[in-house]
Amino acid sequence: MDARIRKTKKSIVNAFLELRAHRALEKITVSELCRKAEINKSTFYKHYADIYDLSEQLEAEVISQVVSDISHPEKILTDPAQFSREVFLAYFSHAVLLEKLFSGNQSGGMIVRLSAALKELIFQAYPECREQQEANILLSYCILGSYYAFVENRGCDEAVLLDTIGRIGEKLVELLRESPSSCAAEKTVL
């Protein structure tokens, strides 16, 4: 991508994030964004279909960044406490951007996207789990439950919170290992 395009996109993104910090997504107009970014509407439309397309692309990008910060997805089955720590550290490193993009009516979208991306990461490490219903249910419960337990208890001591979530994850993995068709059974020695 040439420098002018990079500069233009950066200007659009910065203007959007500034507006998004104070306003709901559905209240932001292309005209307003273009004024703030000091570009023409035609320039905006060369890169994005509309405000929602821009938001969608930024959301996908930040979720991808969070997931790429998780260096050991296989630990979901071998060391769930460590996996939980990695996920939360990745989340914290992008928290400001996540909170801007996924505020207001978009707030529920973050965990849905993050859950799907984490599952995909886990299935890359454990492809045999992809088609197993019990594995999918337990992974959903672990990811979504961990997230909501974290959000609801943010006022707690962080070490206690992460330790508790990690211990719950270990119990869930034990359930998965006990399953007769467990995808976790053969890889627990990693």
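Dividing the mean sequence gap of close Cα pairs (under 8 Å, 6+ apart) by how many residues the stretch 57-140 holds gives a relative contact order of 34 percent.
What is the stretch 77-190's relative contact order, in percent, from Cα pairs under 8 angstrom and six or more apart in sequence?
Computed value for the stretch 77-190: 43 percent relative contact order.
Taking 0.36 nm per residue of sequence separation and removing the Cα-Cα distance, the Ala60/Val96 pair yields an extension gain of 11.4 nm. Hey, what angle do you get for helix 133-152 against the long axis of the chain, alpha-carbon based, 0 to 90 degrees rounded to 10? On a 0 to 90 degree scale, this one is about 60.
Against the chain, whose longest principal axis is taken from its Cα atoms, helix 80-93 shows a tilt of about 10°. Across the chain, the relative contact order, built from alpha-carbon pairs under 8 Å that are at least six residues apart, equals 22 percent. What pairs from Lys10/Lys46; Lys10/Lys119; Lys46/Lys100 go past 19 Å between their alpha carbons? From the list (Lys10/Lys46; Lys10/Lys119; Lys46/Lys100), the Cα-Cα distance tops 19 Å for Lys10/Lys119; Lys46/Lys100.
Work out the length of the dipole vector of the stretch 39-78 about its Cα centre, built from +1 on the beta-carbon of each Lys and Arg and -1 on the beta-carbon of each Asp and Glu, and round it to the nearest 20 debye. Before the final figure, lay out each step's value.
Values: 3 positive and 7 negative charges, 29 e Å.
Value, rounded to 20: 140 debye.
Distance between the modelled labels on Asn14 and Tyr141, one decimal in nanometres: 4.8 nm (7 Å Cα→Cβ projection). Phi angles across the stretch 170-178 convert, under the Karplus curve 6.51 cos²θ - 1.76 cosθ + 1.60 with θ = phi - 60°, into 3J(HN,Hα) values of 4, 5, 5, 5, 4, 4, 5, 5, 6 Hz, Gly and Pro given as x. For Asp53, Asp79, the sequence from fewest to most other C-beta atoms within 10 Å is Asp53, Asp79. Angle between the Cα long axis of helix 3-20 and the longest principal axis of the chain, 0 to 90 degrees, nearest 10? On a 0 to 90 degree scale, this one is about 80.
Gaussian network model of the chain, Cα springs within a sub-10 Å range: biggest mean-square fluctuation belongs to which of Ile168, Ile39, Ile76? Greatest mean-square fluctuation among the candidates belongs to Ile39.
Throughout, read-outs are computed from the coordinates displayed, never taken from laboratory work. On a predicted model such as this, the values are computed, not experimentally measured, just so you know. With ideal geometry, Cβ positions are generated from the backbone for all residues, glycine too; neighbour counts draw on all protein chains shown.
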